[in-house]
1. Limited to segment 104-124, what total is found for residues that are touching a Leu at 6+ places or on another chain (Cβ under 8 Å) and more than 18 Å from Ile69 (Cβ to Cβ)?
2. Are there any strands (runs of 3 or more DSSP E) wholly within segment 1-99 with 3 or more residues that are modelled with pLDDT of 95 or more and open to solvent by 40 Å² or more (accessible area, probe 1.4 Å), and if so which?
3. Out of all the residues in segment 115-126, is one or more part of a helix (DSSP H, G or I), modelled with pLDDT of 95 or more and in contact with a strand residue (DSSP E or B) (Cβ under 7 Å, 6 or more places away or on another chain)?
4. Using the structure shown, decide if Val125 is in contact with a Ser or Thr (Cβ under 9 Å, 6 or more places away or on another chain) and crowded, with 19+ Cβ neighbours inside 10 Å.
5. Out of (1) more than 18 Å from Thr7 (Cα to Cα); (2) open to solvent by less than 60 Å² (accessible area, probe 1.4 Å); (3) of a type outside the set (Phe, Trp, Tyr), the odd one out for Pro102 is which?
6. Taking the options Glu67, Glu75, name whichever one is of a type in the set (D, E, K, R) and within 19 Å of Ile118 (Cβ to Cβ).
Amino acid sequence: MYDRAYTPERITELKPNEVFVFGSNLAGAHGGGAALLAFRKFGAIWGQGVGLQGQSYGIPTMHGGVEAIRPYVDEFVDFAQSHPALTFFVTKIGCGIAGFTPREIAPLFTSALPIPNILLPQDFVDIIEG
C-alpha cells in the first residue's frame, strides 16, 4: 500500500536530495515537456537519455510500446532503491509527448509502491491500487 505524498503536479524547485524523474528519448534530445524542464532547471544533460543527470533521472519513453519502456522503469526502481538518501519525484512519464495514457504506464511502477523514496503521481497510484 502506498502511504506517502504524491509527486506534485507542478515541480519548480528541488531540495538538494531530490530528483526529478522524467520521460526522455534515447538520444537525450530534451526538447519538450518534462524533459525540457529537466534540461533547463534540473541538470539533464543534452545527449544523455537514460539515468541520473544532475537532479534529474531520464526514463526513455519514445522508442516503442509499453514493453519497451518496462526495462528502463525496472532499472530506475533498482537505482532508487539503492539510493535511499535521495527522494525521486516520478512525473507522468510517457503521458505527454510520447502519447501513452496513465492506465498504460502506471502498472510499470507497481514494484515502486513499497519503496519509500519514490513518490508517484496520484493517478498512477490510483490505477495501480485499483
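The values are calculated or read from the model by the stated rules, or taken from the named source; none is laboratory data. From a predicted model like this one, the values you see are computed outputs, not experimental measurements. Glycine gets a Cβ as well: all are built from the backbone with ideal geometry, and neighbour counts include every protein chain shown. Protein only, heavy atoms only, side chains kept; ligands, DNA and RNA dropped before computing areas. Shrake-Rupley method; radii C 1.70, N 1.55, O 1.52, S 1.80 Å.
1. Summing the residues that are touching a Leu at 6+ places or on another chain (Cβ under 8 Å) and more than 18 Å from Ile69 (Cβ to Cβ) in segment 104-124 gives 1.
2. none
3. No, segment 115-126 contains no residue that is part of a helix (DSSP H, G or I), modelled with pLDDT of 95 or more and in contact with a strand residue (DSSP E or B) (Cβ under 7 Å, 6 or more places away or on another chain).
4. The answer is no for Val125.
5. (1)
6. Unique residue meeting the criteria: Glu75.
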